[in-house]
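The values are calculated or read from the model by the stated rules, or taken from the named source; none is laboratory data. On a predicted model such as this, the values are computed, not experimentally measured, just so you know. Cβ sites come from the backbone with ideal geometry, for glycine too, and all protein chains shown count toward neighbours. Calculation scope for accessible area: heavy atoms of the full protein, side chains included, ligands and nucleic acids excluded. Shrake-Rupley method; radii C 1.70, N 1.55, O 1.52, S 1.80 Å.
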Amino acid sequence: AAGPTLDIHGGGCDLMFPHHDNEMAQSEAYWGHQQWVHYFLHTGHLYIEGRKMSKSLKNFFTIREVLEKFTARQIRILFLTHGWRDPLNYAADAMEAVLSKEQLFKNFFMSAKTLLRGNLESITTQRQRWTELDKQLHDSIVNCQKQVHESLCCSIDTVGAMKALSELIKEYNKYISAAESNTKLILVQRTASYIKRIVQIFGIDDGKPWPFIAGLEGDSEAKLAPILDAVCSFREEVFFD
């Protein structure tokens, strides 16, 4: 019913032999050629607190049950930070790491949005004589783009891609702390735009202009706006004085 060839065929790693070998033997004999499948994708098993998930062990969870404790984005981050062909252990410490990773992205997008708030037009007019700090962040952006591309080209390595994004955020945080009032908004905007594009591809954005901080839009953001403006103004006065 599947036809003479399949481009991609997948299943759990326990199906490699004899299940898939048997499928190939039957299908290739039926269709009269020697390659029924071009690529096999065999995923790792899911473990619950160190034990393989099984109905017989009564450690079986449905997605609906998991979503009662965690958001869809948090579950997706868990998947993205584990290799698709490696075992995945659903445990408390694993989810703590997910929450920490999510907070890293939240803090980044809040920082970038605060700096760019009402300043997008000034990006083209701001002086662009770059310091060593500016060059270092620019190089970090380019290096991150290269690492993400190479990771995804290498067996869809989302672990490597997420690690590269996290490292870029850490370099961005160092830059913001060190650059003080000389922050180049074009670098902030470029960092945010790239990370935003990748999290959208990974499906962990909110479908909003600023991912991860959708809860601060609307009325909540309006209430925070005066505080954010005051903090930015105070920051500029301190460093210029």
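The table for this structure:
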quantity	calculated
Residue match in the stretch 46-58 (condition: open to solvent by 50 Å² or more (accessible area, probe 1.4 Å), of a type in the set (Asp, Glu) and without any contact (Cβ under 8 Å) to a residue 40 or more places away in the chain)	no
Candidates Ser166, Ser155 - the one that is of a type outside the set (Val, Ile, Thr) and within 16 Å of Asn143 (Cα to Cα)	Ser166
Residue satisfying condition, being free of Cβ contacts under 8 Å to residues at least 40 places away in the same chain and on the phi < 0 side of the Ramachandran plot, within set Ser193, Ser181	Ser193
Residue identified as surrounded by fewer than 16 Cβ atoms within 10 Å (Cβ to Cβ), in contact (Cβ under 8 Å) with a residue 12 or more places away in the chain, not in a loop (DSSP other than H, G, I, E, B) and not basic (Lys, Arg) among Ala25, Ala2, Ala97	Ala97
